[in-house]
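Taking it in order: structure first as structure tokens, then the write-up.
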Amino acid sequence: MKKHHKFFILPLIALLVFGCGKKEKDEQVTEQRGEQPLAEQGEFKYKVDQFANLQILRYRVPGFEDLSLQQKKLAYYLSQAGLSGRDIIYDQNYRNNLTVRRMIEQIVIHFQGDRESDEFKNFMVFAKEVWFSNGIHHHYSTKKLVPDFSPGYLKNLLENSSEAVFPFNQGERLEDFEERMRPIIFDANVDAKRVNLAGNVDNVKESANNFYRNVSKQEVENFYKKIIDKNDPEPPLYGLNSQLTKENGKLVEKTWKVGGMYSAAIEKIVYWLEKAASVAENVQQKDALEKLTKYYKTGDLKDFDAYNIAWVKDTASVIDITNGFIEVYGDAMGYRGSYESVLSFKDPVASKRMAMLAHDAQWFEDNSPIMDEHKKKEVTGVTYKVITVINEAGDAAPSTPIGINLPNSSWIRKNYGSKSVSLGNILEAYEQASGPGVIDEFGYSQEEKDRVKKYGVLSGDLHTAMHEVIGHASGQLEPGVGTTAETLKNYASALEEGRADLVALYYLMDPKLMELGVMPSLEVGKTEYDSYIRNGLMLQLRRLKEGENIEEAHMRNRQMVAAWVFEKGKKDNVIERVEKDGKTFFVINDYQKLRVLFGELLREVQRVISQGDFKAGKALIENYGVIADQDLMKEVKERYQHLHTAPYSGFIQPKLIPVMENEEIVDVKVEYPMDFVEQMLDYGKDYSFLPNQN
Ligand code: ZN
């Protein structure tokens, strides 16, 4: 099962990642961490910009200077490899994204008109939103971004940027280009969603991403039904690294590899990976990097599997990278991987606590409320590390995961294990940047508020750790049942996320975690229960627009879980909806009973996944996870407005700068750029390798 989480890079160890990677994103974090000691921020400024519903943060890379010169060189080469693929995610997200981005870059650099006008400011907001989302669809909702300036103003921008070199098609003039761009940028109905997961549409045709061309959902299903051998004990992740298109009436996969689609960018990635392999920390890491390079050259998914196995085996290295076509959330069909790169090194101190959980993975499996036949007899190789991120690119930037669990291939996970990481310095940055206020506004009792201030950080970290280490690693399919992508289709991701969350929630009120020494009391579990219910039933609604329902998999999963236990607990008043001073609160009256309900739902979700019960899975998500309470949404948005915080955060990346002497790298320094626009323009200049259309 693929999960969700993201993976990352991690310390080498890491990741290889693909696994569950998922992006758990920021919300958990920003919502519950109450007050942060701003005074301790010292000189480092965490939050640098805010626009639309987004904010731009920075993160530190503490400990980088203590790495050896060889490790620093390795990190530098790997960061270059990661950034070299940046164009790929734009093109994967939408076939016109590179054109739009290059147009924006040229205008920002060359526009000679009034840069203080409201319209120009609105254009800059749009530009920053596009950079934030790696394209013209919102990174999270996947809906098309709607600019707050007119088509006439775009014309003005184009005509008054005389030094600009716009991405024209052959023979195109400025006025043709402007006409071609108009519907792409201004018509919300043209390519309206990047990923359309609705239950009643052709999810392939109605998704604007560039993973498929001229094919229908039915054709995709038939194509892979023919290829996938149900009896293969070691099936590759078919469709992971290609575009599926039609040539002369026949379906063909255009593979992303050297000499194939995206070759110009992949050649650069390979160039830097080969340099990295030459300074690898040890033989195992060198082997993994060479196998990754080979896979980029052949495009053979069996080479990718070989790489993942080598990567899982590398547990000793300090530096690690997740690099490749990894997570499949961008594809409504769950086949194609979005390009991402997460470079990191191991945080040994924080990793120790997580190792305690991994060590007892079998105990958690044995004591889980799921049915015996759905329990793994042997949970293998679950490792969980806290990593310090050095640099992220592709789908992992500017918006980042906070935990990564890879590889995604279930048989590799089962036979060789997987790596789970928590992105320690990213979490730290979220905490430092989040103002007080959210919990004061949405918490009900003083007791609840005090608890968050005391345990909010720990409970969030533990939830993430349990979700990744134990949750995604748990459970098994019944014999003969296909992968979740096959059986549960567009509901697979939400159900898998729900399963991992439920494992975490169930155990966060278990004394076992105190025995292990990872939490001081059950107050930590109560904190997480309060936070999860508050977010799942209420706070996450702020991310939607009026009239919208919930589409994103993690949001669906969270509401499904919270709404299900709310309903099932009604007769015992387990969770109470309270109105006070015209404001709504969800108050938990019985934490132990709530834990029992989480256990019951976990058992059912695991059954749905293990048996591939599409009908029951669909009913859970559609009945509990999709419909957004519009009145509550309105209320939440109003209450949030006073808090001056944006619902989504992304990051400016630290920059690695080699110090040269006689053409040799003698040191590598980390710089922390302050300006998001400047970094985006620099990236556009330094890492732009693909044609406008691919
Ligand atoms: Zn997950």
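The values are calculated or read from the model by the stated rules, or taken from the named source; none is laboratory data. Worth saying up front: this structure is predicted, and the values here are computed from it rather than measured. FYI the Cβ positions are ideal-geometry reconstructions off the backbone, even for glycines, and counts take in every protein chain you see. To get the accessible areas, we keep the full protein, side chains included, count just its heavy atoms, and leave off ligands, DNA and RNA. Shrake-Rupley method; radii C 1.70, N 1.55, O 1.52, S 1.80 Å.
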Convex hull projection area averaged over all views, the stretch 378-447, Cα basis, nm²: 7.8
List Ser399, Ser150, ordered by accessible area with a 1.4 Å probe, largest first: Ser150, Ser399
Convex hull over the Cα atoms of the stretch 257-383, averaged projected area in nm²? 10.1
Can you pull the accessible area of Trp363 for me, 1.4 Å probe, Å² to the nearest 10? 80
Within the stretch 350-488, what percent of beta bridges assigned by DSSP are antiparallel, to the nearest 5? 40
For the stretch 38-171, treating each Cα as an identical point scatterer without solvent, what Debye log10 I(q)/I(0) comes out at q = 0.19 1/Å? -1.18
Shape call for the stretch 489-583 from the C-alpha gyration tensor, a ≥ b ≥ c root eigenvalues: rounded (a/c under 1.5), prolate (a/b greater than b/c) or oblate? oblate
Sorted by accessible surface (1.4 Å probe, heavy atoms of the protein chains only), largest first, Phe586, Phe325 come out as Phe586, Phe325
Post the alpha-carbon centroid distance, the stretch 360-379 to the stretch 58-93, in whole angstrom. 38
Sulfur and carbon atoms: percent of accessible area, the stretch 142-277 [1.4 Å]: 45
Within the chain, the percent of DSSP beta bridges that are antiparallel, given to the nearest 5, stands at 75
What is the local net charge at Met674, summed over the other residues whose Cβ is closer than 14 Å to its Cβ (Lys, Arg +1; Asp, Glu -1)? -1
Surface per residue (accessible, 1.4 Å probe) for the stretch 178-225, Å²: 46
The stretch 201-288: mean projected area of Cα convex hull, nm²: 8.4
Students often get this wrong, so check it: of Lys45/Lys454; Lys226/Lys545; Lys193/Lys385; Lys128/Lys193; Lys155/Lys637; Lys375/Lys615, which have C-alpha atoms separated by over 29 Å? Lys226/Lys545; Lys193/Lys385; Lys155/Lys637
Based on the mean of other Cβ atoms within 10 Å per residue, sort peptides 296-308, 244-256 so the most packed one is first. 296-308, 244-256
Rg ratio (alpha-carbon, reference 2.2 N^0.38 Å) - the stretch 144-271: 1.40
Taking only the C-alpha atoms, wrap a convex hull around the stretch 618-674 and report its volume per residue in Å³ as a whole number. 149
Between Gly437, Tyr506, Ala485, whose Cα lies farthest towards the positive end of the dipole of the stretch 391-508 when Lys and Arg beta carbons carry +1 and Asp and Glu beta carbons carry -1, centred on the Cα centre? Ala485
Compute the whole-percent fraction of alpha carbon pairs in the stretch 205-245 spaced more than 17 Å apart. 35
Rounded to two decimals, the Debye log10 I(q)/I(0) of the stretch 77-133 (Cα scatterers, no solvent) at q = 0.16, 0.27, 0.31 Å⁻¹ is -0.60, -1.09, -1.23
The alpha-carbon pair-distance distribution computed for the stretch 414-550, with 10 angstrom bins and whole-percent values, is 10, 33, 36, 17, 4, 0
Sulfur and carbon atoms: percent of accessible area, the stretch 378-459 [1.4 Å]: 44
Surrounding net charge for Ala393, when Lys and Arg each add one and Asp and Glu each subtract one, Cβ distance under 10 Å: -2
Expected sort for 285-295, 680-690, 181-191 on mean C-beta neighbours within 10 Å, highest first, is 285-295, 680-690, 181-191
In straight Cα distance, which aspartates and glutamates are under 16 Å from Lys217, not counting same-chain residues fewer than 8 positions off? Asp202, Glu206, Glu253, Asp331, Glu486
With +1 on the Cβ of every Lys and Arg and -1 on the Cβ of every Asp and Glu, and nothing else charged, how large is the dipole of the chain about its Cα centre, in debye rounded to the nearest 20? 1320
Computed D for the chain, Stokes-Einstein, Kirkwood radius over alpha-carbon pairs, 25 °C, 0.890 mPa s, to the nearest µm² per second, is 97
Counting only helical runs of four or more DSSP H residues, what would the 222 nm mean residue ellipticity of the chain come to if each run contributes -39,500 (n - 2.57) and the total is spread over all its residues? -13500 deg cm²/dmol
